[in-house]
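What follows is calculated from the coordinates using simple rules that are stated; it is not laboratory data. It should be emphasised that the depicted structure is a prediction, and the values quoted were computed from it without experimental measurement. Glycine also receives a Cβ, built like all others from the backbone with ideal geometry; neighbour counts cover every protein chain displayed.
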Amino acid sequence: MTKYQKYWKQIKARKVHYCSKCGGEIGITEYYWQESPEDRFLHIINPKRLCLKCYSQQGGDAEKKE
Ligand SMILES: [Zn+2]
């Protein structure tokens with residue numbers, strides 16, 4: 001299994017997504033957080049996406065990067 005550094009990146013939705021935690025809809029132009037590899041040449045096949053609410057609730061391992 002490959003291990004790599006991940007961080008959360010805030011993204012403005014260009015299409016409808018669903019939150020990985022609550023399943024809530026993230027509409028177009030709404031902001032959400034997506035798991036991203038530290039190395040930009042790596043790709044996460046199914047990155048987790050969190051709505052703003054779930055992201056702020058998870059705390060802990062989340063690192064804010066503006
Ligand atoms: Zn959510």
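Listed values, structure above:
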| read-out | value |
| --- | --- |
| V16-E30 pseudo-label distance in nm [points 7 Å out on the Cα-to-Cβ vector] | 1.1 |
| Charge dipole magnitude, Cβ of K and R +1, D and E -1 - region 6-58, Cα centre, debye nearest 20 | 80 |
| Extension gain from S56 to L42, taking 0.36 nm per residue of separation minus the Cα-Cα distance | 2.5 nm |
| Region 6-58, relative contact order [Cα under 8 Å, separation at least 6], % | 37 |
| Ranked list, fewest to most other Cβ atoms within 10 Å of each Cβ, for I26, I45 | I45, I26 |
| Viscosity 1.306 mPa s, temperature 10 °C, Stokes-Einstein D of region 6-58 from Kirkwood C-alpha radius, µm²/s | 142 |
| 5 angstrom amide H check on S20, placed H, neighbours 5+ away | R49, L50, C51 |
